[in-house]
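The values are calculated or read from the model by the stated rules, or taken from the named source; none is laboratory data. Bear in mind the structure is a predicted one, so any value in this text is a computation, not a measurement. Virtual Cβ from ideal backbone geometry, glycine too; neighbours counted across all protein chains shown. Ligands, DNA and RNA are stripped out before the accessible areas are found, and what is left, the full protein with its side chains, is counted by its heavy atoms. Shrake-Rupley method; radii C 1.70, N 1.55, O 1.52, S 1.80 Å.
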Amino acid sequence: MSAETTLREIAADLLGTGKVDVVVGYRRGDGALVATPAFVSDPAEADVLVFDVTCENNLANYLHRLEGRKVAVVVKGCDERSVIGLIQEGQIARDDVVILGTPCSGVIDPEATTALTKGGEVAEAVQEGATLVLRLSSGEEVLGDLCELIHPGCRECSVRNPRHADHLIGDLVDQPSMPDVSPDVTRVEAMPTGKRWEYFQREMGKCILCFACRSVCPACYCNACFTDSSQPKWMSKSSDPSDTMFFHLTRLLHLTGRCTGCGACVRACPVNVDLRLYNDKLRNDVKDVFEFEAGLDPEIPAPLSCFRLDDKDDFIK
Amino acid sequence: MTASEPQVAETPEWEPKIVAFLCNWCSYAGADLAGVSRIQYPANVRVIRVPCSGRVNPMFILRALQQGVDGVLVSGCHPGDCHYLTGNYHARRRFAVLKRLLEFCGIEEGRVQFSWVSASEGQKFADVVTDVTEKIHQLGPATRLVKHLWDVPSSVLAALETDES
Amino acid sequence: MEHKQLDKASLAALLTSLMAEQTVFAPVLRDGVSTFDVLADIGDLAFPADGIPRVAPKQAVMPRTEVLFYYRLGKNTEKMAPPPPAEPQVLFGVHPCDVQAIKVLDAVFGAEPHPDELYLARRRVTTVVGLGVSQESVPQHRFFEKMGISSMDARDCDLFLTPLADETYVLEVLTEQGQQLLELAGELPCADAVALANVGKLRKAAEERVTREIDVDVLQEKLSGMFESEMWAGIADKCVGCGACAYLCPTCHCFDIQDERRGDTGSRVRNWDTCQFEEFTKHASGHNPRTSQHGRARQRIMHKFEYGYRNFGIPFCTGCGRCIGVCPVNNNLLTMLDGIRKSDPPSESDGSPTSPDEL
């Protein structure tokens, strides 16, 4: 039985038996290479659910607004960490969520597929092992190597297989070992301060403060975000570069120890700000300094909400 | 400084402006002791008294840099001595993260510094301020996070003169 | 009406002379993303294949942050001063659907009896050079042809640039302002008959692709009865409430006004804002009349195709498709418009508000 068939059967059963009120999953969107979030509450509609390399959204983002209802959610390994994070922070109850874990080797990057098909419209996309077969509307068939088509962040993923799934959808996939530190972080850490500043300025210069990054992030669930506070007015939403930097620096600090590296923000950004670099840096530091990785264990609190008596303070005079 | 940065005049008369967030119970008292003891130290620091180093929101530090201060010092009680028991432990973690992030983004090392100064350490307070001021002198005026939207163009300033100014 | 013909080198030379005199905005590439921004170096110019950069020309006529006035606070007085006047600028290479989008902004900010003088002053010193695109077919999500706009539509442009297959460009001079701009560049050769004929062919072919199949009158009528429709929930369920669609939209123009003060001087500024943010409708009292995503999703569509169209006579959408391309959850405006078109006609009295004030 294919993973998709398993998913649909389980979803229909969960809904039919009343175990959950809604299944949050993916359905086909506009085009063969687009999946979109789906909220299924009727077991008869479970057939719309899909799971493949196009399923890029982190659906844990919707759990906060569904709090209190019994929800089943389709999560990849990265998304599952967000679910665990929400449980650890008391935002949802473990008993209220059924985790439908989907092993994943990466989601595709639309820019890569567009480059491959030279903009040709894709009528059908079929995964055959490590190859993606794209059948264009023109009739032409283009083959792509999945490793080259997936988002850059997915290439460094160390959580391809879910660990807390109530139901495992599909077979476990290979988990190659990944470098401890992202090579990009190492590269930037080695730059002199002036060069690091230039890079930061350049990236921030692209940002238009649309807040797509914040909106798709499951860890950004505050009803009263600091950006919207007027008393006090923490932040101005102006085009002054320093205000853009204020937003990103503060959001990064708020995410420290809570960001799971799912990449939703990176994919949502309409102007390709290199958010991954800065989030990777902080995840790295958290691992280094606090020996902690977000979203793996629902019992362990995030590092900035606790402390140890022997925390290092050699940087403090 | 990189080629693309605005050239801020570092005149011989330039003196750094440094903001110091001092916790009320230890560091502020320590600063007070330095004064009472007539210990000489550079006058570049403007003190903002907070109840605890744990009260210091990283946004305060960012805002200070936006306002154009050349350096920020945050000082609190030694670990174990916090008047509120655990405030400085949380602050310690927060500052560790903030310092690494700021440096990664290209804010010069030494612009933002931290210290533990107790109420009896008047001399230490003076030493810390001297150290920090010297470091900021070396770094030069801060330009990187300064918010220029607050600048009024010189062509407009004349029109804003009031009788009171 | 004059027509000039340029090759790549003379186009670059034209731009260089314009850049020496005015601020030139043009399509450039920023790390793989096409945006319409200040052209600092002629080498940065990069016309996107379909002529539509990800970030719209909107920011050139409606900056992300704009100073309304400066002020100084005295003990008992306050003094205000206007900002320096807008500098002349050129928008070089604007796709016809983006030119029509600027018309929407002109209509809103120029509306009597209180036109926005700041916007109009900047608009008056802005010269628009349209860009013709001759591609055979456009990506599915670009639907300007369904909105009645052709990719060679030169309406409302001061100058219009058409790239030809032989790598030359024909520049049509359409207004006095366009003529004056060209005078900054010196003599330019006139277009020959063959080039003009080619432009004519391309224009005709482009016009034949215009279907006008999106009937805005039907949409407006249907929408007037859809305030309580269940359609909005379907969109709102997925919508994460970011501002990507609105900020990239060439017609969206909502803003927030803030004071930015340091010491006793400051400025009152206008910043981009969007109805998609929850706090957009938050009152000073703390009350927020529109707290649901459902209401916000509805508002955006209504503003574009009901209230805006009804009050100004032009739809507040020109079919660029950016919103569809950029939505992180694949909400699709075309699907929504289709749903609206197919919905039941409005009943006699369904309690829907007839003016935005009643919302």
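Listed residues A:98, A:133, A:122; which is farther than 18 Å from residue A:3 by Cα, out of contact with any Ser or Thr (no Cβ under 6 Å at 6 or more places or on another chain) and surrounded by 16 or more Cβ atoms within 10 Å (Cβ to Cβ)? Within the list A:98, A:133, A:122, the selection yields A:122. Only one of (1) open to solvent by 40 Å² or more (accessible area, probe 1.4 Å); (2) assigned to a helix (DSSP H, G or I); (3) without any contact (Cβ under 8 Å) to a residue 40 or more places away in the chain fails for residue A:223. Which number is that? Among (1) open to solvent by 40 Å² or more (accessible area, probe 1.4 Å); (2) assigned to a helix (DSSP H, G or I); (3) without any contact (Cβ under 8 Å) to a residue 40 or more places away in the chain, the lone unmet condition for residue A:223 is (2). Of the residues A:251, A:258, the single one that is open to solvent by 40 Å² or more (accessible area, probe 1.4 Å) and either among the basic types (Lys, Arg) or touching a Pro at 6+ places or on another chain (Cβ under 9 Å) (or both) is A:258. The number of residues in region C:229-255 being out of contact with any Cys (no Cβ under 9 Å at 6 or more places or on another chain) and among the small types (Gly, Ala, Ser) comes to 5. For residue A:270, the conditions (1) more than 14 Å from chain C (Cβ to nearest Cβ); (2) assigned to a loop (DSSP other than H, G, I, E, B); (3) open to solvent by less than 50 Å² (accessible area, probe 1.4 Å) all hold with the exception of (1). Going by what's in this entry, would residue B:66 be described as more than 9 Å from chain A (Cβ to nearest Cβ) and at pLDDT 95 or above? When the stated conditions are applied, residue B:66 does not pass them. The numbered conditions (1) under 30 Å from residue C:269 (Cβ atoms); (2) exposed (fewer than 15 other Cβ atoms within 10 Å of the Cβ) are all true for residue A:309 except (1).
Scanning region C:21-39 for residues that are open to solvent by 50 Å² or more (accessible area, probe 1.4 Å) and free of Cβ contacts under 8 Å to residues at least 40 places away in the same chain turns up C:29, C:30, C:31, C:32, C:38. Criterion applied to C:108, C:67, C:104 was being open to solvent by 30 Å² or more (accessible area, probe 1.4 Å) and not in a loop (DSSP other than H, G, I, E, B), and the one residue passing it is C:108. When region A:106-163 is filtered for residues that are among the charged types (D, E, K, R), at pLDDT below 90 and in a helix (DSSP H, G or I), the ones remaining, listed by number, are A:111, A:155, A:156. Restricting attention to region C:70-96 and to residues that are away from chain B (no Cβ under 13 Å) and among the small types (Gly, Ala, Ser), the residue that is nearest to residue C:154 (Cα to Cα) turns out to be C:93.
Under 30 Å from residue C:293 (Cα atoms) and within 14 Å of chain B (Cβ to nearest Cβ): does that describe residue A:207? The answer is yes for residue A:207. A single entry from A:230, A:236 fulfils the requirement of being in a loop (DSSP other than H, G, I, E, B), within 13 Å of chain C (Cβ to nearest Cβ) and surrounded by 23 or more Cβ atoms within 10 Å (Cβ to Cβ): A:236. For region B:84-120, filtered to residues that are more than 7 Å from every other protein chain (Cβ to nearest Cβ) and at positive phi, the residue that is nearest to the chain's Cα centre (by Cα) is B:110. Among residues of region C:260-274 being out of contact with any strand residue (DSSP E or B) (no Cβ under 7 Å at 6 or more places or on another chain) and assigned to a strand (DSSP E or B), the one that is most open to solvent (accessible area, probe 1.4 Å) is C:261. The residues of region C:162-189 that are within 30 Å of residue C:334 (Cα to Cα) and out of contact with any helix residue (DSSP H, G or I) (no Cβ under 8 Å at 6 or more places or on another chain) amount to a single one, C:163.
In region C:127-145, the qualifying residues are those that are surrounded by fewer than 21 Cβ atoms within 10 Å (Cβ to Cβ) and hydroxyl-bearing (Ser, Thr, Tyr), and the one that is modelled with the highest pLDDT is C:134.
Within this structure, residue C:55 fails the test of being β-branched (Val, Ile, Thr), away from chain B (no Cβ under 14 Å) and open to solvent by 30 Å² or more (accessible area, probe 1.4 Å). If we scan region B:115-132, do we find a residue that is hydrophobic (A, V, I, L, M, F, W, C) and open to solvent by 10 Å² or more (accessible area, probe 1.4 Å)? Yes - at least one qualifying residue is present in region B:115-132. Residue A:142 meets all of the listed conditions (1) over 17 Å from the mean Cα position of the chain (by Cα); (2) assigned by TED's automatic domain parsing to the domain that holds residue A:67 but one, namely (2).
For residue C:293, the criteria (1) of a type outside the set (Ser, Thr, Tyr); (2) within 14 Å of chain A (Cβ to nearest Cβ); (3) open to solvent by less than 20 Å² (accessible area, probe 1.4 Å) hold in every case but one, which is (3).
The single condition among (1) closer than 13 Å to residue B:20 by Cα; (2) open to solvent by less than 10 Å² (accessible area, probe 1.4 Å) that residue B:106 does not satisfy is (1). Can you find, within region A:9-50, the residue that is least open to solvent (accessible area, probe 1.4 Å) among those that are at the interface with another protein chain (Cβ under 10 Å from one of its Cβ atoms) and not in a strand (DSSP E or B)? Filtering region A:9-50 for residues that are at the interface with another protein chain (Cβ under 10 Å from one of its Cβ atoms) and not in a strand (DSSP E or B), the one least open to solvent (accessible area, probe 1.4 Å) comes out as A:29.
May I ask you to list the residues in region C:320-330 that are within 8 Å of another protein chain (Cβ to nearest Cβ) and part of a loop (DSSP other than H, G, I, E, B)? Correct list: C:328, C:329, C:330. The set of residues in region A:273-317 that are part of a helix (DSSP H, G or I), acidic (Asp, Glu) and within 8 Å of another protein chain (Cβ to nearest Cβ) contains only A:285. In this structure, does residue A:218 turn out to be in the same structural domain as residue A:98 (by TED's automatic domain parsing), in contact (Cβ under 8 Å) with a residue 60 or more places away in the chain, surrounded by 19 or more Cβ atoms within 10 Å (Cβ to Cβ) and not in a helix (DSSP H, G or I)? Spelling it out, it is not the case that residue A:218 is in the same structural domain as residue A:98 (by TED's automatic domain parsing), in contact (Cβ under 8 Å) with a residue 60 or more places away in the chain, surrounded by 19 or more Cβ atoms within 10 Å (Cβ to Cβ) and not in a helix (DSSP H, G or I). Summed over region A:51-88, the residues that are of a type in the set (S, T, N, Q), part of a helix (DSSP H, G or I) and within 12 Å of the chain's Cα centre (by Cα) give a count of 2. Based on what the data block shows, is residue C:248 touching a strand residue (DSSP E or B) at 6+ places or on another chain (Cβ under 9 Å) and within 30 Å of residue C:165 (Cβ to Cβ)? The answer is no for residue C:248. When we screen B:28, B:41 for residues that are buried (at least 16 other Cβ atoms within 10 Å of the Cβ), of a type in the set (Phe, Trp, Tyr) and in a helix (DSSP H, G or I), the only hit is B:28.
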